[in-house]
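Colleague: Sending over a structure as structure tokens; questions will come in a sec.
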Amino acid sequence: MSNENWVKFITDKGTQTITDIDGLKLLEAREEEVTTVFNSRPINGADGVIPGSINFEPFKLIIRFSYRATDLNDYNLFKTKMRGVLFMRTPFYINFSDLPGKKYAVVCESNSINDLVVGKLGEFEVSYLVYKGYSESTYKTNEYNTTSDKWQFGNGLVADEDIKYKHNATTFKIFNGSDDIISPYIPQRHDLTIKIKVNAPKGFKLINRTTGDVFEYKKAITTSKQLILNGVYPSIDGKRVGIDTNHEWLTLEQGYNDIEVIGEDISNPNIEFIFPFIYR
């Protein structure tokens with residue numbers, strides 16, 4: 001990566017480094033404070049409340065740019081162009097040079113312009129809403145290896161060469177370097193995909209011994225078919241197979257998770273966990 005400051009927009013159509021625009025420079029990118037919602041229920045005739053879950057509210061990401069134009073026409077054209085770049089109809093991700101290992105799912109809320117030299121130099125302050133309430137690792141675990149420069153150890157990784165996310169054993173560990181548990185169910189709805197190939201003539205159970213979660217597939221399956229547990233939805237060949245399961249799913253605790261596959265006469269397991277780390 002370049003040593004220069006940069007900002008990237010990541011959309012379904014690809015990645016755009018907007019600071020490649022001539023004259024546009026990143027001045028600052030900062031997160032505003034995260035707030036929480038404490039869900040509780042009062043108790044009639046008693047002190048206090050019954051505690052419930054704690055939800056993390058969306059927070060703001062503020063990015064400041066400067067732009068130096070060649071003339072007045074260039075300056076006015078750039079301001080018009082930036083409105084089209086900044087305000088999209090669909091959410092997208094932002095990634096920037098100060099924290100290249102993180103990305104933020106955002107929508108643009110506002111854009112203010114301060115003309116420092118009329119028609120020549122201006123500062124733009126753009127406010128984005130990080131609507132998920134957390135940031136994510138720029139890459140997912142299927143893009144991780146010990147020699148890759150895509151992952152930063154300051155972003156939750158530890159110095160352990162045994163960390164991997166694709167296994168062909170019935171017992172193994174999955175490392176979650178997030179600041180929180182990975183949970184694909186409401187309200188968290190975290191991104192977690194598990195791909196499973198196994199010979200299991202009487203079905204199998206995928207167990208996280210660390211959390212106690214158990215996913216069970218009750219029918220026979222061979223390695224010619226891949227079961228994909230996409231969050232809480234299991235499928236084979238693109239067809240939902242939840243009716244053949246125990247209607248459960250797996251979560252991942254922070255740090256190491258002890259995973260086991262069990263079943264009668266199972267063989268040739270090949271299991272991959274794909275997810276981003278999440279950060280508060």
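Colleague: Out of the residues in segment 72-105 that are among the aliphatic types (A, V, I, L, M) and closer than 17 Å to residue 26 by Cβ, state the one that is farthest from the chain's Cα centre (by Cα).
Modeller: Applying the filter and picking the extreme gives 82.
Colleague: So, in segment 231-269, how many residues would count as being among the acidic types (Asp, Glu) and out of contact with any strand residue (DSSP E or B) (no Cβ under 9 Å at 6 or more places or on another chain)?
Modeller: Selection size over segment 231-269: 1.
Colleague: Report every pair of residues separated by at least 6 positions or lying on different chains whose Cβ atoms are under 6 Å apart, first residue within segment 249-273 and farther than 17 Å from residue 191 by Cβ and in contact (Cβ under 8 Å) with a residue 60 or more places away in the chain, second among the β-branched types (Val, Ile, Thr) and assigned to a loop (DSSP other than H, G, I, E, B).
Modeller: Pairs that qualify, where the first residue is farther than 17 Å from residue 191 by Cβ and in contact (Cβ under 8 Å) with a residue 60 or more places away in the chain and the partner is among the β-branched types (Val, Ile, Thr) and assigned to a loop (DSSP other than H, G, I, E, B), are 258/210; 261/170; 268/223; 269/170.
Colleague: Sort out which residues of segment 170-198 are open to solvent by 60 Å² or more (accessible area, probe 1.4 Å) and not hydroxyl-bearing (Ser, Thr, Tyr), and write them in order of number.
Modeller: Once the filter is applied, which keeps residues that are open to solvent by 60 Å² or more (accessible area, probe 1.4 Å) and not hydroxyl-bearing (Ser, Thr, Tyr), segment 170-198 yields 173, 179, 186, 187, 188, 189, 195, 197.
Colleague: Kindly evaluate residue 243 against the criterion of being assigned to a strand (DSSP E or B) and more than 21 Å from the chain's Cα centre (by Cα).
Modeller: no
Colleague: Give me the pairs: first residue in segment 1-27 and loosely packed, with under 12 Cβ neighbours inside 10 Å and modelled with pLDDT under 95, second residue among the β-branched types (Val, Ile, Thr) and assigned to a loop (DSSP other than H, G, I, E, B), beta-carbon distance under 8 Å, and six or more apart or on different chains, which are they?
Modeller: Matching pairs, first to second residue: 12/90.
Colleague: Checking the structure you have, find out if any residue of segment 83-91 is closer than 23 Å to residue 111 by Cβ, assigned to a strand (DSSP E or B), modelled with pLDDT of 90 or more and not basic (Lys, Arg).
Modeller: Within segment 83-91 (the criterion being closer than 23 Å to residue 111 by Cβ, assigned to a strand (DSSP E or B), modelled with pLDDT of 90 or more and not basic (Lys, Arg)), the answer is no, since none of the residues qualifies.
Colleague: Would you confirm, using the coordinates I've provided, whether residue 55 is farther than 23 Å from residue 276 by Cβ and either open to solvent by 70 Å² or more (accessible area, probe 1.4 Å) or modelled with pLDDT under 85 (or both)?
Modeller: Judged against the criteria, residue 55 is not a match.
Every residue, every condition in (1) crowded, with 16+ Cβ neighbours inside 10 Å; (2) of a type in the set (Asp, Glu); (3) within 29 Å of residue 137 (Cβ to Cβ), yes or no:
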| site | (1), (2), (3) |
| --- | --- |
| 200 | yes, no, no |
| 209 | no, no, yes |
| 228 | yes, no, yes |
| 234 | yes, no, yes |
| 237 | no, yes, no |
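The values are calculated or read from the model by the stated rules, or taken from the named source; none is laboratory data. Computed from a predicted structure; not experimentally measured. Cβ atoms come from the backbone with ideal geometry, glycine included; neighbour counts cover every protein chain shown. Calculation scope for accessible area: heavy atoms of the full protein, side chains included, ligands and nucleic acids excluded. Shrake-Rupley method; radii C 1.70, N 1.55, O 1.52, S 1.80 Å.
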